Amino acid sequence: MRYLIILLAFVACNTKEDVDLVVHNGTVYTVDSSFSVKQAFAVKDGKIIASGSNEEINSKFRGDSTVDLQGRFVYPGFIDAHAHFMGYGLSLETVNLLETQSWDEALKRIKPSATIAVSQKARELQARGEDVIGLGAGEPDFDTPDNVKQAAIKAIQDGKTKYTDVDGIPELKDAICAKFKRENGLIYKPSQVNVSPGGKPVIFNAFMATLNFGDEVVIPTPYWVSYPEMALICGATPVFAEAKASDNYKLKPEALEAAITPKTKWVLLNSPSNPSGAGYTKEELQGLADVLLRHPHVWILTDDMYEHLVFDGFKFWTIAQVEPRLYDRTLTMNGVSKAYSMTGWRIGYAAGPEALIKGMAKVMSQTTSNPCSVSQWAAVEALNGTQEYIKPNQELFKKRRDIVVSMLNQTEELVCPTPEGAFYVYPDCSKAMGKTSAGGKKLTNDEEFAAALLEEEKVAVVFGSAFG
């Protein structure tokens, strides 16, 4: 049996090697069954920076030594101990602290996207000739408007196919500023605007620019599947604040208050919601804003991607519009994917504090670089051009919503609330648990329910527990 002893700030503990460990600064020792030190590792600022004997590590790394080293990050939840030591007379070597660690340990901390997995499975079945109804992908089924397509064609013909500014062309930033002023009453300068290759990269870039190990991100449940995984990738801890079904899946101020700690860096709000379709009223947002005003260390990220997909006269509001005192620490995110049926064009955008926007651009400069140049010109036309097709699309989705909700609520096993926006429904299938599907499968959870629906009825849906 092999153990680890971790000495951090004069606190010692031992644990079996299959227990998750978090190390930021200190010394890690591997020992044998008699607790004789076999190997020592120096950890500084979240990196394993050196390996050697106990004597070598203690002599070389006491105090604030500055050394030229190469190492790998130590992520929350595990120790990535593949590191090289360079200098100080120690031999260059690769070490493996837990022997079971591998290059993909970071990937083990996150889950693949359930929505993408379901959509991929549906496409595979369709490719084999099976008639599958795919309800997993969150995208409109109608085409991109002609004026937007023509703008893209013109951009290609005009040679606008080169690199652009890393976080968006000036023309698109101007269009975004005009959109925020026209539709939300929010005033931004182009220097406060970020354009990324989709809404997901907007959130990821903001997290990567701001999150440190130990930070927390408050996420109301149910949530879009990528929110917690992006926080984990960036080293933070997702903290889930329950939005109850009895409250129409909308977060209450007291639940938000309970979730915030001194470690909270971000609170993420999504209205209308993916997956529930719940939308926050002005009064409900003000209640959450009152909580956030009491916590000036917390940043707010609003995912407003479904702003234009609202029903029954629902009035859309975003929190910086409702409470101007939160303007300076709110990142308001949106995009062209849903309202303009441009999911594959990959353009998301956000506006917020200039320092944050600069940080996000820095992340992009070393990762994605600029969004697709042609897509940016198409997005300019989407925002500046005619908006006449938005209302008919709303009406079409409302008709579909009404039909689906009515049909689901006619079954004995499903209870489906009526969403205020987006194009999702979030039915409760708990009454079906313990029953047997038409194909003879015993259903014990929602994942099995969704699997039976696909296998037996050829209807692809995402199981609700994937959304928290």
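Test ALA350 against the stated conditions and say whether it is among the aliphatic types (A, V, I, L, M), outside the structural domain of ALA460 (by TED's automatic domain parsing), out of contact with any strand residue (DSSP E or B) (no Cβ under 8 Å at 6 or more places or on another chain) and more than 17 Å from TYR163 (Cα to Cα). Here the answer is no, as ALA350 does not meet what is asked. The test for being surrounded by 21 or more Cβ atoms within 10 Å (Cβ to Cβ), over 19 Å from the mean Cα position of the chain (by Cα) and farther than 20 Å from TYR227 by Cβ does not hold for ALA355.
Could you run through segment 300-332 and say how many residues are on the phi < 0 side of the Ramachandran plot and among the small types (Gly, Ala, Ser)?
Result for segment 300-332: 1.
Hey, does segment 287-300 have a residue that's closer than 23 Å to ALA231 by Cα, in a helix (DSSP H, G or I) and among the acidic types (Asp, Glu)? Looking for residues that are closer than 23 Å to ALA231 by Cα, in a helix (DSSP H, G or I) and among the acidic types (Asp, Glu), one finds none in segment 287-300, hence no. Among the helices (runs of 4 or more DSSP H) confined to segment 359-468, the ones with at least 2 residues that are closer than 30 Å to LYS154 by Cβ and under 29 Å from the mean Cα position of the chain (by Cα) are located at 373-384, 390-409. Here GLU323, GLU283 are screened, and the one residue that is surrounded by fewer than 21 Cβ atoms within 10 Å (Cβ to Cβ) and touching a helix residue (DSSP H, G or I) at 6+ places or on another chain (Cβ under 7 Å) is GLU323.
Please determine, by comparing only the residues of segment 246-281 that are assigned to a helix (DSSP H, G or I) and out of contact with any Lys or Arg (no Cβ under 9 Å at 6 or more places or on another chain), which one is modelled with the lowest pLDDT.
Going through the qualifying residues, I end up with SER246.
Could you check segment 128-144 and list, in sequence order, the residues that are within 15 Å of LEU454 (Cα to Cα), of a type outside the set (Val, Ile, Thr) and out of contact with any helix residue (DSSP H, G or I) (no Cβ under 6 Å at 6 or more places or on another chain)?
Answer for segment 128-144, where residues must be within 15 Å of LEU454 (Cα to Cα), of a type outside the set (Val, Ile, Thr) and out of contact with any helix residue (DSSP H, G or I) (no Cβ under 6 Å at 6 or more places or on another chain): ARG128, GLY129, GLU130, ASP131, LEU135.
Only one entry of GLY198, GLY159, GLY214 meets the criterion of being over 22 Å from ASP328 (Cβ atoms), at pLDDT below 95 and not polar (S, T, N, Q), and that entry is GLY214. Regarding LYS121, is this residue farther than 19 Å from ASN370 by Cα, part of a helix (DSSP H, G or I) and either of a type in the set (Val, Ile, Thr) or not assigned by TED's automatic domain parsing to the domain that holds ASN393 (or both)? The answer is no for LYS121. Among residues of segment 405-418 that are more than 22 Å from ASN445 (Cβ to Cβ), those with a Cβ under 7 angstrom from a residue that is assigned to a helix (DSSP H, G or I), sequence gap 6+ or separate chain, pair up as THR418/VAL405. Restricting the first member to segment 126-139 and to residues that are farther than 19 Å from VAL462 by Cβ, and the second to residues that are assigned to a loop (DSSP other than H, G, I, E, B), the beta-carbon pairs closer than 9 Å and six or more apart or on different chains are ASP131/LYS458.
Taking each residue of segment 420-431 that is more than 14 Å from GLN410 (Cβ to Cβ) and looking for partners that are of a type in the set (Lys, Arg) and in a helix (DSSP H, G or I) with beta-carbon atoms closer than 6 Å, six or more apart or interchain, yields nothing.
Residue by residue through segment 345-357, note down the ones that are in a helix (DSSP H, G or I) and touching a residue at least 24 places away in the same chain (Cβ under 8 Å). Within segment 345-357, TRP345, GLU354, LEU356, ILE357 qualify.
In segment 375-397, the condition of being at negative phi, in contact with a strand residue (DSSP E or B) (Cβ under 7 Å, 6 or more places away or on another chain) and assigned by TED's automatic domain parsing to the domain that holds THR318 is met by at least one residue.
The values are calculated or read from the model by the stated rules, or taken from the named source; none is laboratory data. Because the structure is predicted, anything quoted here is derived from the model rather than measured. Virtual Cβ from ideal backbone geometry, glycine too; neighbours counted across all protein chains shown.
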